[in-house]
Amino acid sequence: MKRTSLLAAALCLSALSLTACGGNDDAPPAQPQVIAHRGASGYLPEHTLAGYELAIRMGADYIEPDLQITKDGALVAIHDDTLNRTTNVATLFAQRNGGYKVADFTLAEIRTLTVVPTGTGKTSYPGFTPSATTFQVPTFQEVVDFAKKQSTALGREVGLYPEAKQADPVMEDGILKTLKDNGYNADSKVYIQSFSDATLRSLRTKQTAQNNKMPLILLGVAAKAADGTPRMGVISGSTVTQLTFKEVAGFTEGIGVVINTAAYPITKDYIDQAHAAGLKVHGWTFAQANAATAATEFRSYLDMGMDGMFANYPDLAVAARNAFVNK
């Protein structure tokens, strides 16, 4: 397909036309998946119900709640382990232990906060009125409830892609319990992700014991061994540990690798060898706001066989994906 066609497809969705560009509800499940990175984070405050709803309305296949643990043990959807970058916490509370860590605040206190826009995000989106009238930090259960409600309203399953931001057994248990209590299983539209291979290995052990092996995704970088053999790079601080695809396939269903990083390039051969090992390959993070530039970027990775894309602008990802599938 010509670049102009991709651009047209991208622009078609950019004004939140929910049906004009053609729905993808009946598309085959094998098609590349669009994961709304922190919701529609390029347009609205990240990790808010409004941001998730906008992403869903734009056609995203999955919404991604990053999870942190409050002082009283609740799982909440927020990326950072601190509150000050994305909320108005500094206007309401004094620092605790020298900062604003999520773990130092109760759920009740966090519920009083307002999530503020970051980056290119704003407090409104043209033509869109969200169901949630305020921008608050939701709990994981509230995100699950919202996804189920949206699934029913739209007649298509909205996928969940939670990330365990803390390598903590409490986090693991909370994620598994919440999903199990809400009826999620190996056949559900769900992935659990983490940068920690130890966390995913632990999750797989617990899933096996519970006979509920929901798909896991290991996050990291596209590394290579000294002989050029593709490896999965697991990041821990400034250290990158390499695992073979066979090792990774022993405890996960896929990998999530960073895009556009010269030190860790993603190639077609890399993706092909991951696929040969039985792994899906998802890329993070597609953050181009310009429709033409985004279309070109998405297409380059789709042509290599990428299975899923974490996108700040879900409409542009959906447009590029649909153009690729219908080429």
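The values are calculated or read from the model by the stated rules, or taken from the named source; none is laboratory data. Keep in mind it's a predicted model, so treat the numbers as computed, not measured. For neighbour counting, all protein chains shown are included, and Cβ atoms are generated from backbone atoms with ideal geometry for every residue, glycine included. Just so you know, the surface numbers come from the protein's heavy atoms only, side chains and all, with ligands and any DNA or RNA stripped out. Shrake-Rupley method; radii C 1.70, N 1.55, O 1.52, S 1.80 Å.
Summary of computed values
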{"item": "Criterion violated by LYS246 - all others in (1) within 22 Å of LEU216 (Cα to Cα); (2) surrounded by 18 or more Cβ atoms within 10 Å (Cβ to Cβ); (3) of a type in the set (Lys, Arg) satisfied", "result": "(2)"}
{"item": "Out of LEU67, LEU92, sole residue that is among the aliphatic types (A, V, I, L, M) and either more than 23 Å from PRO215 (Cβ to Cβ) or without any contact (Cβ under 8 Å) to a residue 12 or more places away in the chain (or both)", "result": "LEU92"}
{"item": "Top-ranked residue of the stretch 75-99 - restricted to ones that are part of a loop (DSSP other than H, G, I, E, B) and polar (S, T, N, Q), ranked as nearest to LEU176 (Cα to Cα)", "result": "THR86"}
{"item": "Output for the stretch 195-224, where each listed residue is open to solvent by 20 Å² or more (accessible area, probe 1.4 Å) and within 16 Å of ASP269 (Cα to Cα)", "result": "LYS224"}
{"item": "Leading residue by the ranking (nearest to the chain's Cα centre (by Cα)) among those in the stretch 272-300 that are in a helix (DSSP H, G or I) and crowded, with 24+ Cβ neighbours inside 10 Å", "result": "PHE298"}
{"item": "Only listed residue being of a type in the set (Val, Ile, Thr), part of a helix (DSSP H, G or I), open to solvent by less than 40 Å² (accessible area, probe 1.4 Å) and in contact (Cβ under 8 Å) with a residue 24 or more places away in the chain, chosen from VAL34, VAL144", "result": "VAL144"}
{"item": "Any pair with Cβ under 8 angstrom, 6 or more apart, that starts in the stretch 265-280 at a residue that is over 21 Å from ILE192 (Cβ atoms) and ends at one that is part of a helix (DSSP H, G or I) and open to solvent by less than 70 Å² (accessible area, probe 1.4 Å)", "result": "ILE266/TYR301; GLN273/PHE245; ALA276/PHE245"}
{"item": "Residues located in the stretch 153-171, provided they are farther than 24 Å from GLN242 by Cβ and either open to solvent by less than 60 Å² (accessible area, probe 1.4 Å) or part of a helix (DSSP H, G or I) (or both)", "result": "ALA153, LEU154, ARG156, VAL158, GLY159, LEU160, TYR161, PRO162, ASP168, PRO169, VAL170, MET171"}
{"item": "Conditions (1) in a loop (DSSP other than H, G, I, E, B); (2) closer than 21 Å to GLU172 by Cβ; (3) under 17 Å from the mean Cα position of the chain (by Cα); number of the one not met by ILE217", "result": "(1)"}
{"item": "So VAL190, is it touching a Pro at 6+ places or on another chain (Cβ under 8 Å), among the β-branched types (Val, Ile, Thr) and under 25 Å from ALA287 (Cβ atoms)", "result": "yes"}
{"item": "Single match in ASN326, ASN312, ASN260 (criterion: over 18 Å from TYR191 (Cα atoms) and either within 15 Å of the chain's Cα centre (by Cα) or open to solvent by less than 30 Å² (accessible area, probe 1.4 Å) (or both))", "result": "ASN312"}
{"item": "Condition check for GLU109: without any contact (Cβ under 8 Å) to a residue 60 or more places away in the chain, outside any strand (DSSP E or B) and open to solvent by 70 Å² or more (accessible area, probe 1.4 Å)", "result": "no"}
{"item": "Lone qualifier among THR133, THR120 - being at pLDDT 95 or above, open to solvent by 20 Å² or more (accessible area, probe 1.4 Å), outside any helix (DSSP H, G or I) and among the polar types (S, T, N, Q)", "result": "THR120"}
{"item": "Selected residue (only one of ASP168, ASP145, ASP173 is under 18 Å from the mean Cα position of the chain (by Cα), among the acidic types (Asp, Glu) and farther than 12 Å from ILE63 by Cβ)", "result": "ASP145"}
{"item": "Single condition ALA226 does not satisfy, out of (1) assigned to a loop (DSSP other than H, G, I, E, B); (2) in contact (Cβ under 8 Å) with a residue 40 or more places away in the chain", "result": "(2)"}
